[in-house]
1. With a probe of 1.4 Å, find how much accessible area segment 429-565 has per residue, and write the answer as a whole number in Å².
2. In Å², and per residue, what accessible area does segment 356-427 have when probed at 1.4 Å with the other protein chains present?
3. Which value, in Å² and to the nearest 10, is the accessible area of Y206 when all protein chains are kept and the probe is 1.4 Å?
4. At 1.4 Å probe size, with the rest of the protein present, what percent of the exposed accessible area of segment 235-322 is carbon and sulfur atoms?
5. Where Lys and Arg each count +1 and Asp and Glu each count -1, what net charge lies around G208 among other residues with Cβ under 9 Å from its Cβ?
6. Name the shape class, rounded, prolate or oblate, that the alpha-carbon gyration tensor gives for segment 581-676, where a ≥ b ≥ c are the square roots of its eigenvalues, rounded holds for a/c under 1.5, and otherwise prolate holds if a/b is larger than b/c and oblate otherwise.
7. Quick check on segment 349-403: what are the equivalent-ellipsoid semi-axes from the Cα gyration tensor, as sqrt(5λ), descending, whole Å?
8. Using per-residue counts of other Cβ atoms within 10 Å, averaged over each peptide, order 589-599, 305-315, 364-374, 572-582 from highest down.
Amino acid sequence: MTEPAAEPMGTVHNLDEHRATRTTVDLTKEPTPAPDSTAAPDLAVEVEAVDRADNPLADWLTVPDTPLLPVWARSRASIEANVKALGRLAWWHGRYHGLRVPKYLMKTMLLACRGFFRACAGLWPTLTAREHTATVRALRAQVKLRPEDIELAARHQAAHAERTQTRKWRFGIAAIGVAAAATGIALADPVMQVGMSAAIVGPLAYLGRGKETHLLDQATPPLKVDMSAQQLNDALRAAGLLKTGKGDEDGPKVSCIMGPVRDGRGWAVVFDLPRGGGKTASDVLAKREVIAQELGVDEIQVIMSRVRAAKGGNAGRVTMWVADDDPYLGAPNPSPLEKADRFSIWDPVPFGQDARGTRIDVPVMWQSMFFGGLPRRGKTFSQRLLTAAGLLDAYVRHYVADGKGGADWMPMKAVAHRLVMGAEDDAIEALKAMLAELLTEMERRFALLRDLPTSLCPEGKLTPDIVAKYNLPVIFVTIDELQEYFTAMEKDDREQVINDLCRIARRGPAAGFISNFASQRPDADSVPTKLREIITIRYSTQVVDRASSDMVLGKGKAAQGADASVLSEEHKGVGVLVTGPASYVTVRADYLDGPTFAGLCRKGRALREAAGQLTGDAAGDVTAAADAAGVTVPAIVSDVLEVMRHSPRMFTTDLLNGLVNIDEDTYGDYNAETLASQLEAAGVKRTSKQVKISGSNGAGYQRRDVEAAVPAEILLSAGR
């Protein structure tokens, strides 16, 4: 049986038809023929007592199908959001008018002066006894006509005397009142003076006001968008998503399932497009920029997505949230991993927050990830968040390669089973060896998983129980700046590395491999399409255009609304996260700076040492062992060993270039003499100043000479 279609809000019901359909069938009684009918007998029915057509109280007793509370008061979250919005509005108005108090005082004094003038003008006839003056003038006029009238002259004299007396006591009372007020103000304490002055100035200012005079300035409220259903319809109509009628009230309109209502620092609305217009929710998402312009906001403030059937939606239902301002600016949010002691990589990794402040967690098990975007937009910082989660799980083995060879990933030397820094020839050979090792381990694991009983391995994939029982830690493969490797390789090596990475990303997840790749330029030359297209999770910081956004996030994603080109230079650490074919969200990634990341690496080393999981390069790393033992190794020695990680010997020029790549501020002015003097001061004794590499002799250093400057107990603990 199919479910009836949901009726739009505001539908008018026919009560008689409604009663006729509300029947109940009694299957325990014998069927009886319908009265006055020659048709076949039907089942007897019992009509509900309240809804009987002959019940005179039916209309009065029918319970209206209307919510008791308004939309904004139906949930605690909505009430809290509206109360907070009211508080912010009141606080804003208080500050706005508070800054204008001097202006308001000046305006009040001017109005009081005008009021004083009007008061004097109104009281002057009374103070001067003008009514008696009019009588005297009238008598004088009569006297001129009949000067011989003695009685009239006497009346004229009496009226003049009365006017004179009236002026005296009226002016006297006024003078006494003014003097008393002035004396009271002068003798009163400051608080009383202010109160009495306000009692005098207030009425005078009120008297001096005009019809168009406003004491307070008209403040503009902080809400840039006064969202309403009419405004929404106008915006969609201007975007060509609704047909235009003859007038403002004509034409199809959307059906608002919820709102518009205040939701946090913005307006939320859920609406259905009208049927018959041929427009879908995808069409609305593609018109994001036009809708934002019609609403008077930036497109970064408009967050839209489809409402799927699982949440009660359909192909024409859209949820929209319009922020009051840019929701991705402000102080960065520290990562919860910063204060965590342990973390299980089987749990979703805390990654960031969306525009409404909702936490966004990324499940990384069985996944592969790709990060892209312009330089200095937080791409590497965002990528490190997922790797950092694996640091706090002792049963995660890290393989790391950084094509740039800078300081971003250098702290991983304390933890990484394999660490490749830079894209020089020796580093490329180390990368190829690392990938070969990973493929060998992957095939070994698949062979082991195939032989395990289904009770232990029901799906042929790695499980936490298998990890603990067979010592098969989850393998986290992190490669940053992929384009540096591909551009530095020969064609054959490049194709081989691409094929190896594709195999790891495609088949590795079932064996517990997590791929975490990143590139600044995700074009076909830098990162081939066949590698990008098999990645399941993608994240892009700001890019130059929609085509570049699609290169990172997937073809056609910008048309669906997942467009990283709308981000600006101010949006550092902000990107579009795509987790599925139709699932995306703009995320402000958590902040995890370099020193904090280094601290997590030291914590991860301690966890692995305690669990017996410190292996590979990290187990034999001299500087990492010194850090763990609390022994201070000179920075120049530590950095030189880092540059020479893949080489037993190196020419001085190459060593200087590597040091500049690590820290340009420190080593940018170094030359051969400076380097030699600094190493000598750090205790490095060169057995030979010349080295031979690939048949060429030149000035250089032996790695064993540099390692000899490290305390012997540290070398012993590092297995040297």
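1. Numbers: 5620 Å² over 137 residues.
Spelled out: the 1.4 Å probe surface of segment 429-565, per residue, equals 41 Å².
2. About 28 Å² of surface per residue is accessible.
3. 150
4. On the way: 2010 of 4230 Å².
On segment 235-322, the fraction of accessible area on carbon and sulfur atoms equals 48 percent.
5. On the way: positive: R114, R118, R209; negative: none.
Net charge around G208: +3.
6. Numbers: a/c = 2.19, a/b = 1.36, b/c = 1.61.
Verdict is oblate for segment 581-676.
7. Details: eigenvalues 80, 59, 19 Å².
Over the Cα atoms of segment 349-403, the semi-axes work out to 20, 17, 10 Å.
8. Working: 589-599: 18.1, 305-315: 14.4, 364-374: 23.0, 572-582: 20.4.
Order by mean packing, descending: 364-374, 572-582, 589-599, 305-315.
The values are calculated or read from the model by the stated rules, or taken from the named source; none is laboratory data. All values derive from a computational prediction rather than experimental measurement. So basically every Cβ, Gly included, is an ideal-geometry build from the backbone, and we count neighbours across all protein chains shown. All accessible areas refer to the heavy atoms of the entire protein, side chains included, with ligands and DNA or RNA removed. Shrake-Rupley method; radii C 1.70, N 1.55, O 1.52, S 1.80 Å.
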